[in-house]
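Remarks on the structure that follows.
Bear in mind that the values in this text are calculations on the coordinates, not laboratory data. The structure presented is a predicted model; accordingly, all values stated were derived computationally and were not measured. As a convention, Cβ positions derive from the backbone with ideal geometry for all residues, glycine included, and neighbour counts pool all protein chains shown.
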Amino acid sequence: MSNVDYKVEVLVGLEIHVQLCTRTKMFCGCELAFGTEPNSRVCPVCLGMPGSLPVMNKQAVEFSILAGLALNCQIPSFTKWDRKGYYYPDLPKNYQISQYDLPLALNGYIEIPTDNGLKKIRIRRAHLEEDAGKNLHTAGNFSQVDLNRAGTPLLEIVTEPDMSSAIEVRTLAEELQRIVRYLGISEADMQKGHMRFEPNVNLVITRAGQQFKTPIVEVKNLNSFRALENSIDYEIGRQLDRFLETGETMEMGNKSTRGWDDAKEVTVLQREKEEAHDYRYFPDPDLVPVRVNEQWLNEIKSRLRELPSKKRLRYVKEYGLSDYDAGVLTNDRTVADFFEEAVKAGSEPKRACNLLTQIGLKLANARGCAITELGPKAADIAQLAQMTQTGEISATAANTILEEMVKTGKAPRELAEQLNLIQKNDAGELEGIVDEVLKSNPQAAADFKEGGKKSGKARGFLLGQVMQKTKGRANPKIAAEILDKKLA
Ligand SMILES: [Zn+2]
C-alpha cells in the first residue's frame with residue numbers, strides 16, 4: 001500500500017522519573033549513595049520493619065515544587081501521601097508511598113524548540129514518590145535484593161500526549177535534563193539511572209475520510225535518550241504495519257506494555273490486554289498531609305533561576321550569538337555562568353564564546369572535569385579575549401595561549417610574550433618589512449598593480465610573504481592596509 005492512501009499522525013505522551021539529589025532518602029535518614037556495598041544504606045524504615053515510622057524529607061518536597069514551578073505548574077496548597085499496593089521483594093513494606101489524586105504540581109507546560117518554532121507540551125502532573133530497591137539475578141539459582149535505592153525520592157512527571165515525533169520526545173527529555181540540573185535538584189546522570197522514561201505511543205491514521213486509532217503501547221523503563229528516540233521510531237513503524245495488516249484499533253483494555261531490546265533495536269511485548277490496575281491506593285495514615293502556604297511557596301519561588309530556554313534566547317538577543325553557540329553555552333549552567341562572568345569582566349561575547357566552546361570545553365571534556373576546574377578564571381579569559389580585541393594577539397594565538405594557560409597556570413600576557421605570540425602592530429616596523437617583500441618579489445608586485453585576474457592572487461602571495469618574514473606575528477589587518485596603500 002502506498003503512502004498516498006492514508007495519513008498518519010503520531011501521538012506520544014511521556015512519563016519521566018527523576019531521582020532527586022537530596023542528601024537522604026524520602027522518608028528516613030539513610031544517605032543516598034550510588035555504587036556502595038549492597039544493603040549498606042538501610043534502616044528499619046526503608047527495610048519496612050513493623051513499627052517503624054516514616055518522616056517526610058522536606059528538601060525533596062521543595063525540590064519537587066521548584067520543578068513544578070519551572071514547568072509552569074499550579075502548586076496546590078494541600079497534598080497528601082498515599083499507599084500504592086506493591087508486592088515485590090524490592091520494596092519490603094509491600095506498598096510504595098506515592099501521591100494519588102493530589103499531586104504536588106499539576107497543569108503546567110514546557111516549551112521545546114522544533115523546526116516550526118517553539119512548541120508547548122502540556123504537563124499533566126508531577127508527583128513525588130519513593131523508589132524501589134534492585135532485584136539482582138546474578139547469583140545463579142537464587143535471587144538477591146539490594147535495598148540501598150529503596151526509599152530514594154523520585155519525581156514523576158507526566159506529560160499529555162502532545163508530542164508528534166520521536167525527535168520531539170527526545171528534545172523534551174533533554175530539555176528536562178537541563179532544567180533539573182539548572183535547578184540543582186538532580187544530577188540527572190543517565191548512566192546512574194537518575195532519569196528513566198516511559199513513553200506512551202499510538203497513531204491516528206486517516207484513510208478514506210475515516211480516522212483510526214491504534215492501541216496505545218507503553219514502552220517501559222528506558223534509560224538513555226537514544227533508546228527513547230529509537231524505541232518510539234520503532235513503535236511508529238510497527239504500529240503502522242500492524243494496522244495495515246490487521247486493521248486493529250484502540251479499544252478498552254487493549255493497551256499493552258513493551259520493553260526495549262537495546263541490542264536488537266526492537267520493542268518486545270511484556271503485558272497485553274492490560275486492565276486498569278487496582279493498586280488499592282489509600283491515604284498513608286503514618287504521614288501528615290503537606291500544606292503549602294504562600295510564605296513557603298514564595299520562599300521556594302525565590303530560588304527559581306533563569307532556565308536554559310530563556311537563557312538561550314537571551315544570548316541570541318543580548319549578545320548577538322548564533323542559535324548554535326547559545327545552545328552550546330547554555331547546555332550546562334556552569335559553562336553559562338562562566339561565560340557571563342567573562343563577559344562582565346570585559347570580553348566581547350563572541351570572543352569569550354569562541355575561546356570557551358572551541359578550546360575550553362574540549363579541554364574540560366578531555367580531562368573529564370567542569371570548565372571551572374580547568375584553572376583559568378573568568379577574568380583570565382576576559383583578559384585573553386581583550387588581547388585579541390586590541391590586535392595584540394591573533395585569534396589563533398589566543399587559542400594556543402588558553403591551552404598553555406590550562407597546562408601551566410600562567411597568565412595570558414606572560415604566555416603571549418614567552419611564546420612570542422605578540423603581534424607586530426607597529427606600522428613603521430611593518431612598513432619596512434612590506435618594502436623588503438615588494439623589493440624581492442617584483443613580479444608579484446607588478447601583477448598586483450596591473451589589476452585583473454592575477455591581482456588577487458598576487459596580493460595574497462605578498463601578504464603571505466610578510467607573515468612568513470614576521471613568523472606569523474604581523475597583524476594581518478595592518479599589514480594588508482600598508483600593502484594596499486603602497487601599491488594603490
Ligand atoms: Zn532508611
Square roots of 5 times each gyration tensor eigenvalue, C-alpha, the stretch 427-487, largest first, Å: 18, 11, 10
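Let me have the relative contact order for the stretch 427-487, percent, based on Cα pairs under 8 Å that are six or more residues apart. Show your work: numbers first, answer last.
Values: 50 pairs, mean separation 24.1, N = 61.
Normalised by residue count, the contact order of the stretch 427-487 is 39 percent.
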Relative packing of 66-78, 291-303, which averages over residues the other C-beta atoms within 10 Å, highest first: 66-78, 291-303
Dmax and Rg, reported as Rg then Dmax, of the stretch 308-418 (C-alpha, Å): 13.1, 42
Relative packing of 174-181, 310-317, which averages over residues the other C-beta atoms within 10 Å, highest first: 174-181, 310-317
Pairwise centroid distance, computed over Cα atoms, of the stretch 435-471 with the stretch 105-122, Å: 57 Å
Measure of compaction for the stretch 171-316 (Cα Rg per 2.2 N^0.38 Å): 1.40
Degrees, to the nearest 10: 476-487 long Cα axis against longest axis of the chain: 30 degrees
Karplus (6.51, -1.76, 1.60) ³J(HN,Hα), θ = phi - 60°, over the stretch 33-42, in Hz, Gly and Pro reported as x: 8, 10, x, 8, 3, x, 6, 9, 10, 9
Packing-based order for 195-208, 254-267, using average beta carbon neighbours within 10 Å, highest first: 195-208, 254-267
Placed amide H near ALA474: partners under 5 Å, 5+ positions off or other chain: LYS424
Cα coordinate range in the chain, projected on the principal axes (Å, largest first): 94, 60, 53
Estimated vicinal HN-Hα couplings, Hz - the stretch 448-461 in sequence order (Karplus 6.51, -1.76, 1.60; Gly, Pro = x): 5, 4, 5, x, x, 4, 6, 4, x, 5, 5, 4, x, 4
Computed FRET value (nearest 0.05) for THR372 with ASN94, which takes r as the C-beta separation and R₀ as 60 Å: 0.85
Amide H contacts of TRP260 (H built 1.01 Å from N, under 5 Å, at least 5 apart or other chain): LYS220, VAL268
Degrees separating the helix 225-246 axis from the principal Cα axis of the chain, which is the longest one: 60 degrees
HN-Hα J in Hz across the stretch 413-426 - Karplus 6.51, -1.76, 1.60, θ = phi - 60°, x for Gly and Pro: 5, 4, 5, 4, 6, 4, 8, 6, 9, 5, 6, 7, 9, 6
